[in-house]
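Reading through the structure tokens given below for one structure.
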Amino acid sequence: MELKIENSRINEWRGYKGRPFLISGPCSAETEEQVMETARQLAAINEVCVYRAGIWKPRTRPNSFEGVGSEGLKWLRRVKQETGLLVGTEVANEKHVYEALKYGIDLLWIGARTSVNPFTVQEISDALNGVDVMVLVKNPINPDIELWTGAIERIARAGITRIGAIHRGFSSYEKTLYRNQPNWQLPIELRRRFPDLPMICDPSHISGSRLYLHEIAQKAMDLNFDGLMLESHIDPANALSDAAQQVTPNDLKELLSRLIMRSPSTSDPRLLDVLGELRQQIDVYDDTLLDLMEKRMTVAETIGHYKKENNITILQSTRWDEIIKKVKARGLAKGLSAEMIDAIFKAIHQESINHQMRVMNNGVETTESRK
Ligand code: PEP
Ligand code: MN
């Protein structure tokens, strides 16, 4: 049973200045000077609502910079006093929560390596009981919507009423363009589950490089995300963590100026008419796709019968190689991306195998008999 989240709307949150609710600052607090100078430059950018800096850094390998620890919280307190920006940091255990609260940190986020662990999230939730602070839950490293949902529910149970989610992409074994795969369907599903939950996108950790920050931020805005978390450092190339993905405050400003903000809805009746009609067309195409898929599976099952009768294995990889090559070439010629074709046809192929398996194991089951 899903918990109903009694959340306040993001436009009622302290520090909110409009969409996007912008959180920016260095990946890590390194020195007092670096923290203060970055903060001064970011405070001069109107859109920045919250200043972020990692104090305790979860690092994949030991001997990397693991953060300055509690000392850095004093610097964040100074940022708040001197610039008026709200301040936020990552917490990964109850000690971090107590320390951060002691220094008046306004926003805490739970990192991707923490939200995978229900024990730790529960420990943090217990430490937050009855506290008035903003809490953002990053998606777990692996694309598991239930784990993300569960972490949000645990925080909600502590009575926190300003909860949001941060989409920072998902780890994958394959090397891809981005550091973390966006898998946009997951944050979209989270929004379906919790329509009022503020959603922040973190293009820095999705991208892993300065190169793609803008395109990811733009996509998030087009998908109606409420906010952005973008890492910014006065000297990105020499940053002690995530050097490749941080931008100077000046470059951040330039990036923001190129973001196009589209309205999530419109009251213009003519535009509504046109959109309504186009959406109907989309629905028709979706139905057509499903009908075609059903037909394709029926053929696959028929093949399954032949294979069963003649003792042939289900998977014949040369045939599959041919199919994928052919559909990729055709799809590309139609302006479809190779990634999409690959993903869709892998899924279709797997579904065909499942249908054939059923035929071969039971002998009788067909699409007809399951209706
Ligand atoms: C971070 O925000 O610096 C961080 C460590 O992020 P994530 O948990 O998304 O890897
Ligand atoms: Mn980082």
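Sorted largest first, the spans of the alpha carbon positions of the range 30-161 along the three principal axes are 39, 36, 26 Å. With q set to 0.18 Å⁻¹, the log10 of I(q)/I(0) for the range 13-104, from the Debye formula over equal scatterers at the Cα positions, is -0.77.
Beta bridges assigned by DSSP with both partners in the chain are antiparallel in approximately 5 percent of cases. Compactness of the range 178-217 is given as radius of gyration and Dmax, 11.3, 32 Å, from Cα positions. Plainly put, the chain has a radius of gyration that is 1.05 times its Kirkwood radius, both from alpha-carbon atoms, as the Rg/Rh ratio. Just how many % of Cα pairs in the range 245-364 lie over 19 Å apart, if you round to the nearest whole percent? When every Cα pair of the range 245-364 is considered, 68 percent fall beyond 19 Å.
Summarising the amide proton neighbourhood of VAL247: residues at separation of 5 or more, or on other chains, whose placed amide H is nearer than 5 Å comprise SER232, HIS233. Pairs of Cα atoms nearer than 8 Å and 6+ residues apart set the relative contact order; for the chain it is 13 percent.
Semi-axis lengths, largest first, of the ellipsoid equivalent to the range 228-274 are 38, 10, 6 Å, with √(5λ) applied to each eigenvalue of the Cα gyration tensor. For the range 48-98 versus the range 130-206, the inter-centroid distance based on Cα atoms is 20 Å. Applying both filters, DSSP loop and at most 11 other Cβ atoms within 10 Å, to the trypsin sites (Lys or Arg not before Pro) of the range 107-213 gives LYS175. Among the helices of the chain, those built from whole DSSP H runs whose Cα atoms reach 15 Å or more along their own axis and whose mean Kyte-Doolittle hydropathy is at least -1.0 are 32-43, 145-157, 269-310, 317-333, 338-362.
Lysine pairs in the range 12-170 whose alpha-carbon atoms fall under 23 angstrom of each other, counting only those eight or more residues apart or on distinct chains, come to 13. The calculated pair-distance distribution of the range 134-280 uses every alpha carbon pair, bins of 5 angstrom beginning at 0, and gives 2, 9, 16, 18, 18, 15, 12, 7, 2, 1, 0 percent. Summarising the overall dimensions of the range 92-209 from its C-alpha atoms, the Rg and Dmax are 14.0, 43 angstrom. Taking each residue as 0.36 nm, the span from ARG258 to ALA343 lengthens on full extension beyond its C-alpha to C-alpha distance by 27.5 nm.
Note down the relative contact order for the range 281-371 as a percent, whole number, built from C-alpha pairs under 8 angstrom at least six residues apart.
On the way: 48 pairs, mean separation 38.9, N = 91.
Computed value for the range 281-371: 43 percent relative contact order.
Can you tally the net charge around ILE166? Count Lys and Arg as +1, Asp and Glu as -1, for every other residue whose Cβ sits under 11 Å from the Cβ of ILE166. Result for the neighbourhood of ILE166: 0.
Simple rule: put +1 on each Lys or Arg Cβ and -1 on each Asp or Glu Cβ in the chain, find the dipole, and look at LEU290, ALA343, ILE303; the Cα lying farthest toward the positive end is ILE303.
For the chain, what does the helix formula give at 222 nm: sum of -39500 (n - 2.57) over DSSP H segments with n ≥ 4, over the residue count, nearest 500 deg cm²/dmol? Could the numbers behind the result be given before it?
Working: 13 runs with 178 residues, N = 371.
Theoretical 222 nm ellipticity from helices: -15500 deg cm²/dmol.
Computed from the C-alpha gyration tensor, the three semi-axes of the ellipsoid equivalent to the range 213-255 are 22, 10, 8 Å, from longest to shortest. Residues whose amide H falls under 5 Å from that of PHE21, counting only those 5 or more places apart or on a different chain, are GLY227, LEU228, with hydrogens built in the peptide plane. The DSSP beta bridges internal to the range 75-211 are antiparallel in roughly 5% of cases. Simple point charges give the picture: +1 on the Cβ of Lys and Arg, -1 on the Cβ of Asp and Glu, and for the chain a dipole about the Cα centre of about 400 debye.
Net charge in the neighbourhood of ASN142 (other residues with Cβ under 13 Å of its Cβ; Lys, Arg +1, Asp, Glu -1) is +1.
Under a Cβ-only charge scheme (Lys and Arg +1, Asp and Glu -1), can you give me the dipole magnitude of the range 70-224 about the Cα centre, in debye to the nearest 20?
260 debye
The alpha carbon gyration tensor of the range 91-135 gives principal lengths a ≥ b ≥ c with a/c of 1.5 or higher and a/b greater than b/c, which makes the shape prolate.
Read-outs throughout are calculated quantities, based only on the coordinates presented, and are distinct from any laboratory measurement. These numbers come from a predicted model, not from an experiment. Because the Cβ atoms are built from the backbone with ideal geometry, glycine has one as well, and the counts that use them run over all protein chains shown.
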